[in-house]
Amino acid sequence: MASKKPTGAEIRKTFLDFFEEHGHTFVASASLVPGGDQTLLFTNAGMVQFKDVFLGTDKRPYKRATDSQKCMRVAGKHNDLEDVGRDSIHHTFFEMLGNWSFGDYYKKEAITWAWQLLTDVWGLPKENIWSTVFRDDKGNIPQDDEAAEAWRGQPGMNPAHVLYFGRKDNFWEMAETGPCGPCSEIHLDRGLKYCDKQGVPGHICQVNGDCQRFLELWNLVFIQYNRLSPTELEPLPAKHVDTGMGFERIVSVLQDVDSNYRTDLLWPLILTTQKLAGYSDEQREANFTPFRVIADHARAAAFLIADGVVPGNLGRNYVTRMIIRRAYRFGGKIGLCEPFLAKVAEVVINHYGDFYPELKRNRKSINISITREEEQFQRTLDRATTQLEDLLNKLGKSRQTILPGDQAADLYTTYGMPFEITRDIARERGFDVDETGFNQAMEEHRLASGAGKAMGDLGGEEVEIYRQVVMDLQSQGSLSEIGVVYDPYSRLDVSGKLLSMVRDGHPIQMANPGDELEVILPETCFYVESGGQVSDTGTIRDVGDTWEIEVKDMRKPAAGVIVHVGNVISGKPQVGDEAIASVDTQRRRDIMRNHTATHLLHAVLRKVLGDHARQAGSLVAPDRLRFDFTHPEAVTPPQLTQIEAGVNQHILGDYQLKITYKPLEQAIAEGAMALFGEKYTETVRTITIGGDKPFSYELCGGTHVNETGDIGICLLTSEGSVAAGIRRIEAVTGRKAYEIIRSRFAKSAQAASLVGSTPDNLPEKIVSVLDELNSLRKQVSALRQNQVAAEFVLKLQETRMVDGVRVIATRLSDADMDTLRQMADRFRQQYPTHSVAVLGSVKDGRPSIIAAVTEDLIARGLNAVELVKFVAAPLGGAGGGRPTLAQAGGKDASQLEMALGKVEAWVKENIHP
Ligand SMILES: [Zn+2]
Ligand SMILES: [Zn+2]
């Protein structure tokens, strides 16, 4: 290229600007954690945040959008991890540029703009561009002549460069059923020098071929069908465009380099790593794989942590842990033996932070999380590697090639060695690892994670029913264009016509007592579960009070549709009846107190623990609130006291809550806290607390009290761990807190009266009672010893002489080991020579045995250790000690008498003359 090469940031901006100039709205990248989608580990394509629009369950204020989406492909169907580092094009984290039409423009515009951007704006040679369009290899779906025509009509496009391909390459489906359609790919011929198969017999360079010469740049998807079954497609009323362009790839083309890693997106990371390792350029090139892995993983880790995914043991958190550890191990291959990855991640933050400000905001926690994870792994890596080497050597000796899964699982549970690293090492040595066996073994270790209820999986059918219901209502004019009006904020009851009832998936006109049903009203003030706050409950009744429906839950089954879920308590509700819906006010007030308290708690937590403590989930219910947050260790009792005091101080401050609506970008730029894994619209509702000096500023659609004083009081009830790096605090407010205080008061009064004290003096009183109890225990124990001693004196008369040796083997009642030892000492004092004693006793069901042999008998072959073992063996016990005195425990007390009975014979057998 003659002119100066554009930077990656410039290329991204050119793409977005181009589409903004063509009427597209810029939409910020969604989080790597898919909002409201538990089925997906990570956002793995641009369409994830628009999926609901295509499915018809959500609407947006714009019809054209453009974005650069953060994506991770490291698990599930799209798993590129194994290729990362080995070649120049695979990544775990990458960006996807896209332009979108939601029922607006279609193929012609999409293709024309793609052509203009590539050739006019970016100046790619027209003769090197090829495109593919759909022709069904099964002959069922019409071929995409519309797209082919549009391509051939582009000025300078060689018509021979428009090729047809079948379903595998050119038909896109979201899932087994649902939106789908043909796609059109744009490929670039980079010239013969990029062919890596030259000289291979029979090789031909071609589009969708097997060499690197033709590069797929961009995929334009035209969503025009809804798939009903494997053989049935129906045309969609509104057609959409979804495009995806691999950002790293287009940058490599425009910067004219042969690897994504040599673009200015990743090269600075490689140079930083090189500097840290002290490598020369030649050394770097000779050993490039570690550099690629480190650059890729450092970038991914920084973005993951910025989105709240800290290293941990499960799911997403495991992925962050695994890539940091993997990068650390690859660092070892180029001589980096100390934690270093945070220094590389720092370069990511500096290079990407302008476009992705979440990186800058979380600079500290990225640094801390990465370094701590490396330090933790550093402690065990050597031992884990040695252990693995041993296992592989053993396998090799027995001529096996696959490491069993349970052994790989042991390496993880014992040393924290991620499966992926075990596999890396195994493969480097020519072995493989049984992944299925590993997963099975891990399943047994895995904590029941309680990862939320199964995804509310809305079948396409159900969405259809509601869409039909809503369309009918809208055509009758009884429902507004946007659907059910939703306002849970300004009142607690609302009246209107009962528009529709659905029972067992079918619309009905009239319902009977006991029916479970779903009810649609023109508007509702019932809150629908979101952002951790549970749905409202309440009642719907008719104006004349002839029937009543109890509302137990709320749902949003399709775009614009909100249903009240409940059952008929009395009467026969009929479509068309004038109805009044009332939220259960007391319950709602409890919820509002808890929700506002959650915001206070969040703010105070960050103040006490630090900014790394970020919300990782919450539950706002009527009887309690639960708040999960990232923090590496247990919150100490003094910290908890401080946090609780802080929250209550804010409550007593009686601050008025300020609620405003503003553009998402503005709120984020102002520092509003966004919730992890939550999906936001362009205009967001924000809650500010703290008057002139706000201490809490969050994006939140929940319902809140007017002033913090309304909360009454907040008590923390528990603190614990949810997963590695994630803590949970539970708390209560208002009525529930009062209930707990009341009940604790009553109990302390009761406890005080039981010990004859007052609640205020209770601790001192308990200390004195315990002291008394202790001294009584000592007295009892002393008395008991005296009693045993008396018993022992009597038993001493049972001593027998065996070959001139005095032998006593007897059971004393209810004595502990200490007492037995004292008795044995007493025996040895009384009979310092020629004597053997074995004393046994059973206390609390457990047998104890002590054996004593006088010094002089050791020369004659007797030994207390052997003797006590002999006696304990039939009791299932073992023991030890010195040759003169040894002790043992056991399990089976019933064998004690029998075992003691054999002591005489043992002495006879073992003694030398
Ligand atoms: Zn080739
Ligand atoms: Zn909130």
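If R0 equals 41 Å, the separation of the Cβ atoms of Ile569 and Thr758 corresponds to a calculated FRET efficiency of about 0.25.
Accessible surface for the chain, divided over its residues, is 46 Å² per residue with a 1.4 Å probe. In this label model, His834 and Ser718 are separated by 6.9 nm, measuring between points 7 Å along each Cα→Cβ vector. Shape analysis of region 744-850 yields a ratio of the Cα radius of gyration to the Kirkwood radius, Rg/Rh, of 1.30.
Listed by chain and number, the lysines whose C-alpha is less than 17 Å from the C-alpha of Lys747, apart from same-chain residues fewer than 8 away, are Lys736, Lys765. Label region 45-198 by shape, choosing from rounded, prolate and oblate, from the square roots a ≥ b ≥ c of the eigenvalues of the Cα gyration tensor; if a/c is under 1.5 it is rounded, and otherwise prolate applies when a/b is larger than b/c, oblate when it is not. Rounded is the answer for region 45-198, as its axis ratio a/c remains below 1.5. Where in region 315-347 does the amide nitrogen come within less than 17 Å of the point 7 Å from the Cα of Gln378, taken along Cα to Cβ? The answer is 324-346.
Peptides 230-238, 513-521 ordered by packing proxy, namely the average of other Cβ atoms within 10 Å per residue, highest first: 513-521, 230-238.
As a test of reading the structure, rank Asp825, Asp803 by solvent-accessible area (1.4 Å probe, protein chains only), most first. Before the final figure, lay out the partial values.
Working: Asp825 60, Asp803 90 Å².
Result, largest first: Asp803, Asp825.
On the beta carbon distance between Ala160 and Gln116, with R0 = 22 Å, the FRET formula returns roughly 0.55. Mean separation of Cα pairs under 8 Å and 6 or more residues apart, divided by the residue count, gives the chain a relative contact order of 6 percent. FRET efficiency for the pair Asp803 and Ala878, taken as 1/(1 + (r/R0)^6) with r the Cβ-Cβ distance and R0 = 22 Å, rounds to 0.20.
Sequence-ordered 3J(HN,Hα) estimates for region 492-499 from the Karplus curve with 6.51, -1.76 and 1.60 and θ = phi - 60° stand at 10, 9, 8, 10, x, 6, 6, 7 Hz, glycine and proline given as x. Counted over all Cα-Cα pairs of region 106-181, pairs farther apart than 22 Å make up 28 percent.
Its residue count N sets the reference 2.2 N^0.38 Å, and the alpha-carbon radius of gyration of the chain equals 1.27 times that reference. Amide H to amide H, with H built 1.01 Å from N, Glu529 comes under 5 Å of Ser535, Asp536, Met554, counting only residues 5 or more places away or on other chains.
Among complete DSSP H helices in the chain, those whose alpha-carbon atoms stretch at least 27 Å along the helix's long axis and whose mean Kyte-Doolittle hydropathy reaches 0.0 are 762-796. Here each label is just a point 7 Å from Cα along the line to Cβ, and for Arg86 and Arg742 those points are 6.7 nm apart.
A Cα-only calculation for region 758-913 places Rg and Dmax at 18.7, 74 Å.
May I ask you to order 625-638, 391-404 by the average number of other C-beta atoms within 10 Å around their residues, highest value first? Display every interim value, and only then the final one.
Working: 625-638: 17.4, 391-404: 13.4.
Ranked by mean Cβ neighbours within 10 Å, highest first: 625-638, 391-404.
Each Cα pair of region 293-432 feeds into the Kirkwood radius, which the Stokes-Einstein equation turns, at 20 °C and 1.002 mPa s, into a diffusion coefficient of 137 µm²/s.
Leaving ligands, DNA and RNA out of it, report the carbon-plus-sulfur percent of the accessible area of the chain at a 1.4 Å probe.
On the way: 20990 of 42150 Å².
Ligands and nucleic acids excluded, carbon and sulfur give 50 percent.
Across Arg383, Arg806, Arg60, the residue with the most accessible area heads the list, and the full order at a 1.4 Å probe is Arg383, Arg806, Arg60.
The phi-based Karplus calculation (6.51 cos²θ - 1.76 cosθ + 1.60; θ = phi - 60°) puts the 3J(HN,Hα) values of region 612-628 at 6, 6, 10, 4, 10, x, 7, 10, 10, 10, x, 9, 6, 10, 10, 9, 9 Hz, whole numbers, x for Gly and Pro. The distance from the alpha carbon centre of region 190-208 to that of region 82-148 is 22 Å, rounded to a whole number. Peptides 895-908, 111-124, 242-255 ranked from most to least packed give 242-255, 111-124, 895-908, packing being the mean of other C-beta atoms within 10 angstrom over each peptide's residues.
Rank these by accessible area, largest first, 1.4 Å probe: Ile465, Ile726.
Numbers: Ile465 45, Ile726 20 Å².
Greatest to least solvent exposure: Ile465, Ile726.
The values are calculated or read from the model by the stated rules, or taken from the named source; none is laboratory data. The structure displayed is predicted, hence computed values, not measured ones. So basically every Cβ, Gly included, is an ideal-geometry build from the backbone, and we count neighbours across all protein chains shown. Just so you know, the surface numbers come from the protein's heavy atoms only, side chains and all, with ligands and any DNA or RNA stripped out. Shrake-Rupley method; radii C 1.70, N 1.55, O 1.52, S 1.80 Å.
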